[in-house]
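S.K.: Here it is: the structure, laid out below.
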């Protein structure tokens with residue numbers, strides 16, 4: 001099991017809500033700062049949930065279904081009535097046509113400002129491009145090496161045991177002294193809209209560090225290349241969680257994938 | 001994650017999403033899919049069909065009122081509902097106010113319970129693990145899970161030391177985990 005071994009038994013009890021007293025208080029204090037133990041706790045809750053399978057058999061009476069749906073319909077009707085009452089007590093105000101013209105004018109100004117900003121950005125980009133050309137030899141070599149890993153046209157083939165279906169996989173290639181990280185993922189499940197995977201570097205000490213966001217393509221493949229990582233960070237492990245698209249500064253449980261060094 | 005599991009999780013997510021916009025047929029669909037899970041857990045704990053039916057009603061109504069409480073990114077709907085039900089039933093059994101907000105329940109690494117066939121196979125496996133457990137270990141686990149007893153209450157009831165109870169419960173959960181990792 002992951003997490004701190006000395007908390008193993010208390011975590012199991014806590015997962016079943018069977019831990020009480022000082023032991024519970026101490027464990028809750030520890031959980032507040034230990035992501036590994038929090039992960040283990042979730043897994044133990046899952047293990048406990050398996051016990052519910054031993055109960056399967058009896059079916060609820062037929063009347064229960066209609067009882068629930070009647071209550072749902074009543075609650076929905078109440079919501080509709082409340083919404084209708086709010087709308088009739090606050091009749092719509094007819095806005096004068098002038099406000100429409102003002103809004104259109106404001107929009108035009110905004111568009112012009114955006115165009116100007118875009119022009120400045122393009123000029124800045126041209127300067128940056130010139131500078132990057134000076135290191136083109138080194139860059140070209142790096143691209144040649146990285147192309148089979150990074151190119152969308154590259155074939156990605158996952159070899160598995162003959163009896164095993166392809167599983168989600170991730171490979172992190174990390175050079176600590178240069179803070180270089182290339183991460184490649186295969187067979188990743190697609191995510192709901194507005195969600196993305198976040199890669200984490202778990203250092204030898206301290207909290208997990210964000211190491212890039214990614215969304216798998218239609219084939220379940222994704223890469224993360226050289227996310228910003230403090231120089232010289234020694235990695236104990238890498239992990240993946242599911243976050244909102246904007247990312248998170250701390251991992252949201254559960255951790256969906258994790259790996260330590262080979 | 002297997003393809004059927006991924007499919008059923010996507011299906012649950014789609015149904016819960018439909019519920020968020022007030023789709024009552026989505027509620028009916030989820031009820032048809034999981035009412036037997038919820039009812040069975042409640043009945044096992046409460047031992048009373050009327051009380052179990054009330055818990056069934058309460059759990060699904062809670063989901064109807066607050067579908068956002070379930071986050072598909074954090075676990076599967078079936079096990080999540082099972083754990084919510086267990087918590088509510090224990091609260092009812094012990095005549096106490098609900099101790100856990102359903103939004104706080106996070107359940108991971110459990111098999112999905114959407115398909116009847118998968119459910120039956122998983123149930124058989126769990127029953128096999130439980131029957132193979134030493135009787136004191138199985139009793140301690142069941143007292144904690146289905147009666148909501150704390151470790152000190154179990155120790156008092158069985159006359160066993162606290163440390164022994166802790167070890168048995170943890171070992172029991174590990175045995176269940178191992179059975180579904182192979």
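S.K.: Looking at region B:38-51, is at least one residue more than 10 Å from chain A (Cβ to nearest Cβ), at positive phi, modelled with pLDDT of 80 or more and more than 13 Å from the chain's Cα centre (by Cα)?
M.R.: Yes, some residue in region B:38-51 is more than 10 Å from chain A (Cβ to nearest Cβ), at positive phi, modelled with pLDDT of 80 or more and more than 13 Å from the chain's Cα centre (by Cα).
S.K.: Go through (1) in a helix (DSSP H, G or I); (2) over 30 Å from residue B:49 (Cβ atoms); (3) at pLDDT below 90; (4) within 11 Å of chain B (Cβ to nearest Cβ) and name the single condition residue A:88 misses.
M.R.: (4)
S.K.: Kindly evaluate residue B:43 against the criterion of being outside any loop (DSSP other than H, G, I, E, B), in contact with a helix residue (DSSP H, G or I) (Cβ under 6 Å, 6 or more places away or on another chain) and crowded, with 20+ Cβ neighbours inside 10 Å. It would help to see each step written out before you state the result.
M.R.: Working: outside any loop (DSSP other than H, G, I, E, B): yes; in contact with a helix residue (DSSP H, G or I) (Cβ under 6 Å, 6 or more places away or on another chain): yes; crowded, with 20+ Cβ neighbours inside 10 Å: yes.
The answer is yes for residue B:43.
S.K.: So, in region A:229-246, how many residues would count as being more than 14 Å from every other protein chain (Cβ to nearest Cβ) and within 16 Å of residue A:214 (Cβ to Cβ)?
M.R.: 3
S.K.: Here is a further query. How many residues does region B:16-34 contain that are facing chain A (nearest Cβ under 7 Å) and buried (at least 20 other Cβ atoms within 10 Å of the Cβ)?
M.R.: Matching residues across region B:16-34 total 2.
S.K.: So, one more: What's the number of the only condition in (1) buried (at least 22 other Cβ atoms within 10 Å of the Cβ); (2) at pLDDT 95 or above that residue B:75 fails to meet?
M.R.: Every condition holds for residue B:75 apart from (2).
S.K.: Okay, moving on. Name every residue in region A:50-73 that is crowded, with 17+ Cβ neighbours inside 10 Å and either more than 7 Å from chain B (Cβ to nearest Cβ) or farther than 25 Å from residue B:23 by Cα (or both), in order of residue number.
M.R.: Within region A:50-73, A:50, A:51, A:52, A:53, A:54, A:55, A:56 meet the criteria.
S.K.: Please find, within region A:193-224, the residue that is nearest to the other protein chains (Cβ to nearest Cβ) out of those that are at negative phi and loosely packed, with under 14 Cβ neighbours inside 10 Å.
M.R.: A:193
S.K.: Out of region B:54-63, which residues are over 12 Å from the mean Cα position of the chain (by Cα) and crowded, with 21+ Cβ neighbours inside 10 Å?
M.R.: Selection gives B:55, B:56, B:60, B:63.
S.K.: Would you mind stating whether residue A:29 is in the same structural domain as residue A:14 (by TED's automatic domain parsing), modelled with pLDDT of 90 or more and assigned to a helix (DSSP H, G or I)?
M.R.: Yes, satisfied.
S.K.: List the number of the failed condition for residue B:120; all other conditions in (1) more than 10 Å from chain A (Cβ to nearest Cβ); (2) at pLDDT below 90; (3) out of contact with any helix residue (DSSP H, G or I) (no Cβ under 7 Å at 6 or more places or on another chain) hold.
M.R.: For residue B:120, the failing item is (1).
S.K.: A follow-up question, please. Identify all residues within region A:3-31 that are away from every other protein chain (no Cβ under 11 Å) and touching a helix residue (DSSP H, G or I) at 6+ places or on another chain (Cβ under 9 Å); write none if there are none.
M.R.: Answer for region A:3-31, where residues must be away from every other protein chain (no Cβ under 11 Å) and touching a helix residue (DSSP H, G or I) at 6+ places or on another chain (Cβ under 9 Å): A:3, A:4, A:26, A:27, A:28, A:30, A:31.
S.K.: Within the set of pairs 6 or more residues apart or between chains, which connect a residue that is within 8 Å of chain A (Cβ to nearest Cβ) inside region B:127-146 to a residue that is not in a helix (DSSP H, G or I) with Cβ atoms less than 7 Å apart?
M.R.: From residues that are within 8 Å of chain A (Cβ to nearest Cβ), the pairs are B:144/A:16; B:144/A:18; B:145/A:16.
The values are calculated or read from the model by the stated rules, or taken from the named source; none is laboratory data. Nothing here was measured: the structure is a model prediction, and the numbers come from that model. All Cβ positions, even for glycine, are placed from backbone atoms using ideal geometry, and neighbour counts span all protein chains on display.
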